[in-house]
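J.: Here it is: the structure, laid out below.
Coordinate-derived values only; no laboratory data. Treat the numbers as computed from the prediction; the structure is a model and nothing was measured. With ideal geometry, Cβ positions are generated from the backbone for all residues, glycine too; neighbour counts draw on all protein chains shown.
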Amino acid sequence: MKMAPYRHNYVESSKEWQPLLGSLSGDVEQAGKYKYLNLLSEKISKSLNDFQDFAVRAWEMGRSDPKKVIFAIKMGLALSIVSLLIFWKGSNEDISQYSIWAILTVIVMFEYSIGATFIKGFNRVLGTICAGILAFFCAELSMLAGDQGEEVLIVASIFIAGFFSSYLKLYPTMAPYEYGFRVFILTYCILMVAGNRTREYTTAVLTRLVLIAVGAGVCFVVNLFIYPIWAGDALHSLVAKNFMDLAISLEGCVNGYLKCVEYERVPSKILTFQAYDDPLYNGYRSVLESTRREDSLFGFAIWEPPHGRFRMFNYPWKNYVKLSGALRHSAFMVMALHGCILSEIQSLLRLIQFGAEKPSLWHPWLELNYQKVICACRLLLKGGKSFVASSRE
């Protein structure tokens with residue numbers, strides 16, 4: 001009986017606190033909604049800012065190198081021309097039905113430079129012709145073997161073609177034709193499957209060969225006659241740029257040594273050979289990192305016909321590769337010179353300054369090396385300027 005008043009008071013107090021608790025939970029839910037909306041708005045604004053930055057960078061890329069915009073326009077033009085085959089309404093309806101082969105040919109063959117397009121085209125045509133011939137003979141044999149023997153022959157021929165094409169493309173001298181092997185096995189499998197369904201192997205082979213030839217022809221015509229982009233010119237400009245960059249780095253190393261330039265703290269990015277905002281470092285770094293691009297441009301340039309200043313067949317593009325190798329060897333030497341400047345142990349400043357002011361009082365061998373370095377700087381600058389001047393002609 002004595003507990004009743006306390007229970008009554010507890011019930012009354014809980015009834016008084018219920019509106020407050022309800023309002024507090026409502027405030028918590030409202031705060032959660034506001035927080036979620038704020039996070040969502042921040043993500044949306046960040047996405048919009050990222051997209052704006054991407055659009056600005058894409059615009060700047062097109063302004064700095066208009067050739068990339070021209071390449072994109074030519075690609076769209078070639079695809080538009082080939083897509084007209086979809087609306088073919090002639091006697092042969094297979095052309096419109098299988099026009100995707102011509103479109104795919106344009107997509108995989110159309111490259112940035114003329115040489116790259118010729119390489120892709122050669123691999124595409126060679127792989128398609130070999131696959132078409134092999135598919136034709138295997139189809140004839142499978143049809144002569146009967147219904148049960150046909151399935152066995154088709155599966156066995158696909159296995160043999162896949163095995164030999166995958167194995168031979170791993171041979172070192174077959175590396176330039178790796179794309180051709182892929183085209184061969186892809187075309188062969190598609191022709192065998194499509195011919196088995198329609199029972200018209202000859203029609204399937206001929207139709208696809210014609211459409212691939214049409215796509216390849218459109219690629220060559222558009223890429224060759226509408227503002228052609230030559231890999232040979234790009235290789236020439238790259239070697240000229242390497243000349244200038246290496247000369248600037250060598251001259252910077254000599255001047256930095258003679259002027260007693262010291263680094264308070266050696267940047268870690270230089271020690272790990274990463275990108276860093278230092279003209280002296282970026283000069284020889286760009287020369288050393290251009291090996292892969294030079295090799296690819298050389299592989300494209302040897303496929304290009306005579307053009308521009310290179311109006312001769314069998315142009316000696318290998319000399320560019322040899323010259324680039326000599327430049328890289330010199331770049332390693334400049335890198336060693338720069339490492340001496342970055343070293344914590346330096347020569348006495350007075351000795352360096354004295355030698356810079358009066359080189360004739362140095363030891364004979366030291367004076368000879370000093371003159372060699374100066375001559376090397378002058379020769380590199382002269383060679384780079386002549387290369388740049390010839391590339392602008």
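J.: 7 Å from Cα along Cα→Cβ at both Ile73 and Asn314: what's the point-to-point distance in nm?
T.: Rounded to a tenth, the inter-label distance reads 3.9 nm.
J.: With a Förster radius of 22 Å, plug the Cβ-Cβ distance of Met61 and Leu342 into 1/(1 + (r/R0)^6) and report the FRET value to the nearest 0.05.
T.: E(calc), rounded to 0.05, equals 0.05.
J.: Something else now. Any of Lys67/Lys169; Lys74/Lys241; Lys120/Lys318 with alpha carbons more than 31 Å apart? Name them for me.
T.: Table pairs above 31 Å Cα-Cα are Lys67/Lys169.
J.: For Leu40 and Ile226, FRET efficiency with R0 = 51 Å and r from the beta-carbon atoms, rounded to 0.05?
T.: Efficiency at R0 = 51 Å is approximately 0.60.
J.: For Leu170 and Ile133, compute 0.36 nm times the residue count separating them, minus their Cα-Cα distance, and round to one decimal in nm.
T.: Answer, rounded to one decimal: 11.0 nm.
J.: In whole Å and largest first, what semi-axes does the C-alpha gyration tensor of the stretch 125-239 yield when each eigenvalue is scaled by 5 and square-rooted?
T.: After diagonalising the Cα gyration tensor, the semi-axes are 35, 19, 7 Å.
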